[in-house]
Amino acid sequence: MIKTLGYAAHSATASLDAFHFERREPGPQDVQIEILYCGVCHSDIHTARNEWKNSVYPVVPGHEIVGRVTQVGNEVTTFKAGDLAGVGCMVDSCGTCPDCHESLEQYCTNSPTFTYNSPDPHTGKMTYGGYSQRVVVNQRFVLRVSEKLNLPAVAPLLCAGITTYSPLREWKVGKGQKVGVVGLGGLGHMGVKFAHALGAHTVLFTTTPGKAADGQRLGADEVVISKNPEEMQRHLGSFDFILNTVAAPHNLDAYLELLKRDGTMCLVGAPEDPHPSPNVFNLIFRRRRLVGSLIGGIKETQEMLDFCAEHDIVSDIEMIPMQKINEAYERMLRSDVKYRFVIDMASLK
Ligand code: NAP
Ligand code: ZN
C-alpha cells in the first residue's frame, strides 16, 4: 500500500483538513500518477457537505486531476513513467454493458466507479479523489494531456470541460445557431468558450453584472443580466440551445420561453434542492425539449482534450494552496471565482 496525504471532510459541517490514507499498489492495468494540480468543482462542495445525501465520510473530493505518471503496471501500453496524464470524474466502469460498449461509461448500467465518494471494488471502502498527492487508476480511465497547454489550467477540463463539451456536441451546436449558456462559473465559462469555438452565436446569462466584460472576453457575443426581465424578454423564442450550469434551484420557465420551436435546454447543474417544476405549456406549445447530461465518456473526454490542444483552449483559473480550500468553497458559494480554483498540490506536505 502507498501512504498518501490528502484533504478530507469528516462530516457535512466540518472544514476540510489533512487526512492520511493508502492507495493500492498499481496492478498490471494500473497507472500511478503524482498529482500536480486539481481543480475545484462545485460537485466537491455538494459532496463534502452531503448536499446530495449520499456522502460517506471521510470524503476526499477532487475530480479534475492532472499530474505525471510515476509507475505503470506490466500490461499498460499507452502510458509510461514521466508522461503527463489526466483523470476526471470516473476511475472505472463494468466495461461490458451496452453503455460502456458505446463509450458512454458515465451511464454504465452497473454504475461507474466515480473518482471520489464511490464504492471502491479494490479496497472495499470509498474512493478518494484528487485533493491528494497521488492516485492509482486503471489505464482505461487515464487521459492523455498535451505538453503544450498551461498544465494547471488544463485540470478543470477533466470535469468542467467535458461536462459542457459533451452536450454541445450531442445536440450538434455550431455555426448559424443561437446558443445560451446560463451561469458564469467553472462549467459556464467553459461552455462559453466551447460554444464560441464551435461557431455558434453565443449568449451568456449571468446574475452577476460585474461578469459581463469577462463574458465577452471569454467568447460571448452578447451578455444578458438574467435578473433583468426586459433584457430577458428581448430574446423570447430565439434560441436553438441553452446550456444551464446553475448550481441552485431557479425558475426554468424564464429560459424555456427563450427557446425556438424544437429548441432544447440542457441542465447540467445539479442543485441540492429541486427546481420548481416548469410549466408544461412552455414545452408542448413549441415542442421544446428539456434534457440533462452527465459529464462525458472517456473517448469523448480525450476528443475534448485534443480539441482544446488544437484550439488553444484552457480554463481561466486562480491557483490556491491546499490550505485555502475552505475559503475557496465560501468564495464559490458567493459566485466569487474567476473562473475555477485550482489547487497546487506542491503545497500539500
Ligand atoms: P460554480 O463555479 O459555482 O458556478 C455556478 C454558477 O451558477 C455561479 O458562478 C453563478 O453564475 C450561477 N449561480 C449560482 N447560484 C445561482 C442562483 N441562485 N441563481 C442563478 N445563478 C446562480 O459551479 P460549477 O462548478 O460550474 O458547477 C455548476 C453545477 O454543475 C453544480 O451543481 C455542479 O455540481 C454541477 N455539475 C454537474 C456535472 C454533470 O455532469 N452534470 C458535472 C460537474 C458539475 P453567475 O454569477 O454568472 O450567475
Ligand atoms: Zn465536477
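The values are calculated or read from the model by the stated rules, or taken from the named source; none is laboratory data. As the structure is a computational prediction, the values presented were derived from the model and not from experiment. Please note: Cβ atoms are built from the backbone with ideal geometry, for glycine as well, and neighbour counts cover all protein chains shown.
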Residue list for segment 43-66, filter: within 12 Å of ligand 2 (Cβ to nearest atom), aliphatic (A, V, I, L, M) and under 17 Å from residue 132 (Cβ atoms): 65
Of the numbered conditions (1) part of a helix (DSSP H, G or I); (2) surrounded by fewer than 17 Cβ atoms within 10 Å (Cβ to Cβ); (3) in contact with a Gly (Cβ under 8 Å, 6 or more places away or on another chain), residue 299 satisfies every one except a single condition; which is it? (3)
Within segment 23-34, how many residues are more than 13 Å from residue 141 (Cβ to Cβ) and either of a type in the set (Val, Ile, Thr) or free of Cβ contacts under 8 Å to residues at least 24 places away in the same chain (or both)? 0
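Let's see how each residue does on (1) modelled with pLDDT of 95 or more; (2) surrounded by 24 or more Cβ atoms within 10 Å (Cβ to Cβ); (3) closer than 12 Å to residue 88 by Cβ; (4) outside the structural domain of residue 193 (by TED's automatic domain parsing):
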position	(1), (2), (3), (4)
108	yes, no, no, yes
131	yes, yes, no, yes
142	yes, yes, yes, yes
153	yes, no, no, yes
Got a sec? Which of 204, 187, 236, 149 is surrounded by 21 or more Cβ atoms within 10 Å (Cβ to Cβ) and either in the same structural domain as residue 336 (by TED's automatic domain parsing) or not in a helix (DSSP H, G or I) (or both)? 204
Qualifying position, being closer than 28 Å to residue 54 by Cβ and either acidic (Asp, Glu) or away from ligand 2 (no atom under 16 Å from the Cβ) (or both), among 244, 228, 282, 251: 251
So which of 295, 313, 320 ends up being within 15 Å of ligand 2 (Cβ to nearest atom) and of a type in the set (Val, Ile, Thr)? 295
